[in-house]
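Structure first, then comments.
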Amino acid sequence: MIPQEYVQEVVRRTDIVDLIGSYVQLRHRGRTQTGLCPFHNEKTPSFVVYPENQSFYCFGCGVGGDAITFVRKINNLDYVEAVKALAGRAGMPMPEEDDKAGRLRSRILNINRDAARFFYAQLTASNAEARRARAYWKGRGLSDSTIRRFGLGYAPTGFHACREHLKSLGYTDEELLASGIIKRSQKGNLYDAFFGRVMTPIFDLRGNIIAFGGRVLDDSKPKYVNSPETMVYKKSKAMFALNIAKKSTSRRYILCEGYMDVISLHQAGFDTAVAACGTALTGEQVKLLSEYADEVVLCYDSDEAGQKATARSLELFSQSPIRVSVLNIPGAKDPDEYIKKYGRERFETLLNGTRNAIEYKLARIKEKHDVASPAGRLDYIKEAIGLLAGRVTPTERDVYAGRLAEETNVSKAAILAQLDGAIAQARRRASRQRQEALMHQGVASQIKVPYTMGGSEALGVANAEQQLVCALLKRPELIARVKQRILPERFLMEDMRNAYTAICGCQARGVPPELGVLSGMLSEEEISTLSQLLARNYDIALTDQDVELYMDRMERSLPRSREAGKMSVQELDDYLETLRRKKGAEEPGGSPGTTR
């Protein structure tokens, strides 16, 4: 890992207000700064930055943390990359990664870079195999400049050419296996993962090559081979060509189904085309896109698989602030084919005439029903009204209710009356869901209570554990005193036990338990919880007497002092483990007989 002293210096040189202010418009509110949360769609500011303890917390979506956490989430980076990004921002030299994992990560990135150079060299060689590979790319309509821009290449036939080249550069088989560039057969033999294929490298936002996609030059199977997930490549978080698209001044992105579609669109001048890595778009990729795009045009293939992908993507984008429209591609199966047939100008006209998400969904609903028959019209109206009763503005409802009336020859008044009833029903359902959600919010939602511990007692224990941890964050001088009485095993809440262990570990090493340090030791969810506690206690002074009260409350959750005194360490551990197992049994799928 990166040395903690280096992390501390990075945090000291980073002012969280300046950092977040470069992404979010902040306003003074007393001793804090507020703004619209960049992590969820909101109209009323619930995002608060606390300069005094260099933390942030959103009371709307529950995301919180320090400067490192913010950079991780806003740029979709891991911990090490976030520290490096902040170090670069502060003008600090990059840290030496002296841990095994850090060194391997750097080696994998170097392997991918050198492999890409090898594949490009093979493509531009003078032999017959290279000429055939170049003919494939040329046959797809790509220019030499596009091939260079995207770093396209060719993996030659044979099973060891790439491995032998990379080994000549000093890489070990273990490193090559970790990179996914080579594989091990069932018999234990090592061979190239890519051979006899044209190659497309995949870049991260920083310009590092993190993976490859390979395609055969004919129609043999498997047609496509992609890199496995590695230390540097998580396909659910990666977007092909986003490293190029993010430089565009346009905020309207074109989301395609395949890499070739993206490359063709870029060559035609549409520089915001991107594609999801993996077999389907994910919520993480939607979140990543929302950092760069105000609008996304779904430009999937026109076949049934493409239409299903469109429907899935629309559902994911429904929870995003991004405006979404859908491109219909007549007379071609995908954007690449359409541009080759009809040219750039026709595609741009098509792009500017895209249907929004509501129009697309209504058209798909209509296709399912025979609107020529009375029964079909009724079914179409019923399903369409279910759509319009959802997340649709009143103006949109009125417009599309009118269109629905014209299509079905039913009066607009009747459509609107039925729509009003569906909206009222949806509101009642949403109200019930909100009430259920409220029952699971706050401190009580963060602990599961066995029957042996009543609800009020559980609330007290949960609050005591959280407040004690918060007090130690605000007043680190109390850690040594608290450690004498409270062992980590006393905590019933796992996140607070982890946080307490990390805080005590910092104190033992002489490192201040700041969020920036703890974010390398705890999960993002645990850091968010700590940020919530700091936000909740921002203007509250936690005194010595408060800390004593919290420790007393935690100790009373165990057997009476006399009984505990008679227990051995193992017996006490067994008792605590029993309580934790009972608590765990109340999670979804837990055994009957437990309650909150």
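The values are calculated or read from the model by the stated rules, or taken from the named source; none is laboratory data. In this text the structure is predicted, and so the values were computed from the model without any measurement. Positions of Cβ are generated from backbone atoms using ideal geometry, with glycine treated the same way; all protein chains shown enter the neighbour counts. Remember, those area values only see protein heavy atoms, side chains included, never the ligands or the DNA or RNA. Shrake-Rupley method; radii C 1.70, N 1.55, O 1.52, S 1.80 Å.
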**OP:** Mind listing just one residue for me: the one in the stretch 206-227 that is in contact (Cβ under 8 Å) with a residue 24 or more places away in the chain, out of contact with any Lys or Arg (no Cβ under 8 Å at 6 or more places or on another chain) and open to solvent by less than 60 Å² (accessible area, probe 1.4 Å) and, of those, nearest to Ile182 (Cα to Cα)?
**Re:** Ser227
**OP:** Starting from the stretch 323-334, take each residue that is under 17 Å from Glu304 (Cβ atoms) and list its partners that are of a type outside the set (Ser, Thr, Tyr) and open to solvent by 20 Å² or more (accessible area, probe 1.4 Å), counting only C-beta distances under 6 angstrom and pairs at least six apart or across chains.
**Re:** Val326/Arg355; Ala332/Lys341; Lys333/Asp301; Asp334/Asp301
Subject >> Subset of the stretch 131-175 that is touching a helix residue (DSSP H, G or I) at 6+ places or on another chain (Cβ under 7 Å), within 15 Å of Arg117 (Cβ to Cβ) and among the aliphatic types (A, V, I, L, M) - its residue that is surrounded by the fewest Cβ atoms within 10 Å (Cβ to Cβ) >> reply: Leu169
**OP:** Please find, within the stretch 455-467, the residue that is modelled with the highest pLDDT out of those that are open to solvent by 40 Å² or more (accessible area, probe 1.4 Å) and not acidic (Asp, Glu).
**Re:** Asn463
Original post:
Just wondering, is there one or more residues in the stretch 48-58 that are at pLDDT 90 or above, open to solvent by less than 40 Å² (accessible area, probe 1.4 Å) and not in a strand (DSSP E or B)?
Top reply: no
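For the stretch 487-496, indicate whether the set of residues that are farther than 27 Å from Val10 by Cβ, of a type outside the set (S, T, N, Q), open to solvent by 20 Å² or more (accessible area, probe 1.4 Å) and in contact with an Asp or Glu (Cβ under 8 Å, 6 or more places away or on another chain) is non-empty.
yes
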**OP:** Go through the stretch 269-291 and give me each residue that's of a type in the set (Asp, Glu), under 16 Å from Lys247 (Cα atoms) and within 14 Å of the chain's Cα centre (by Cα).
**Re:** Glu291
Original post:
Which one is most open to solvent (accessible area, probe 1.4 Å), of the residues in the stretch 1-37 that are assigned to a loop (DSSP other than H, G, I, E, B) and at pLDDT 90 or above?
Top reply: Arg13
Subject >> Given (1) small (Gly, Ala, Ser); (2) surrounded by 21 or more Cβ atoms within 10 Å (Cβ to Cβ); (3) at pLDDT below 95, number of the condition Ser236 does not satisfy >> reply: (2)
Original post:
So, of the residues in the stretch 104-130 that are touching a strand residue (DSSP E or B) at 6+ places or on another chain (Cβ under 6 Å) and of a type in the set (A, V, I, L, M, F, W, C), which turns out to be surrounded by the most Cβ atoms within 10 Å (Cβ to Cβ)?
Top reply: Phe119
**OP:** State the number of residues belonging to the stretch 239-258 that are under 23 Å from Arg148 (Cα atoms) and either open to solvent by 20 Å² or more (accessible area, probe 1.4 Å) or assigned to a loop (DSSP other than H, G, I, E, B) (or both).
**Re:** 9
Original post:
If only one of Glu291, Glu284 is in a loop (DSSP other than H, G, I, E, B), in contact (Cβ under 8 Å) with a residue 60 or more places away in the chain and over 26 Å from Arg197 (Cα atoms), which one is it?
Top reply: Glu291
Original post:
Only one residue in Gln545, Gln507 is assigned to a helix (DSSP H, G or I) and either in contact (Cβ under 8 Å) with a residue 12 or more places away in the chain or in contact with a Phe, Trp or Tyr (Cβ under 6 Å, 6 or more places away or on another chain) (or both). Which one?
Top reply: Gln507
**OP:** Test Val371 against the criterion of being open to solvent by less than 70 Å² (accessible area, probe 1.4 Å) and modelled with pLDDT under 90, and give yes or no.
**Re:** yes
